[in-house]
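Following: one structure in structure tokens, then a few remarks.
Values quoted throughout were computed directly from the atomic coordinates according to the rules given, and no laboratory measurement underlies them. From a predicted model like this one, the values you see are computed outputs, not experimental measurements.
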């Protein structure tokens, strides 16, 4: 009998989740979103990828030398890279990571 009452009471409750990404809830003030990166400010010093505890930043080469490549599927959003960047090329944001079906689309930089 208790099981039936539990089921009935749960059927009448408001749902606890939303159908993300179609529906979104307001983010708390402490929410840490994806990283913003300005390639023009980056000097390729490597402090960000050395500071990353999750190894979510890799060195990549371009015409201007070494640059960071951010792997969002590994990022733990600690923002240590934001703190150590001497040129402020890495920015904190409140933007959510995109919903994707291919991890290769979770790269920034």
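Across 76, 90, 57, mean-square fluctuation computed from a Gaussian network of the chain (C-alpha pairs under 10 Å connected) peaks at 76. For the chain, the longest principal axis of the C-alpha atoms and the axis of helix 2-11 are separated by about 60°.
Two-decimal Rg/Rh of region 2-109 from alpha-carbon positions, Kirkwood Rh? Write down the numbers at each step before the final one.
Details: Rg = 19.4 Å, Rh = 16.3 Å.
So for region 2-109, dividing Rg by the Kirkwood Rh gives 1.19.
Stretching residue 103 away from residue 19 to a fully extended chain increases their span by 28.1 nm, per 0.36 nm per residue minus the current alpha-carbon distance. Comparing mean-square fluctuations of 11, 41, 69 from a GNM of the chain with C-alpha springs under 10 Å, the top value falls on 11. Taking all Cα pairs closer than 8 Å and separated by 6 or more residues, the relative contact order of the chain comes to 31 percent. A full extension of the chain between residue 39 and residue 73 corresponds to an added length of 10.2 nm, given 0.36 nm per residue minus the alpha carbon distance.
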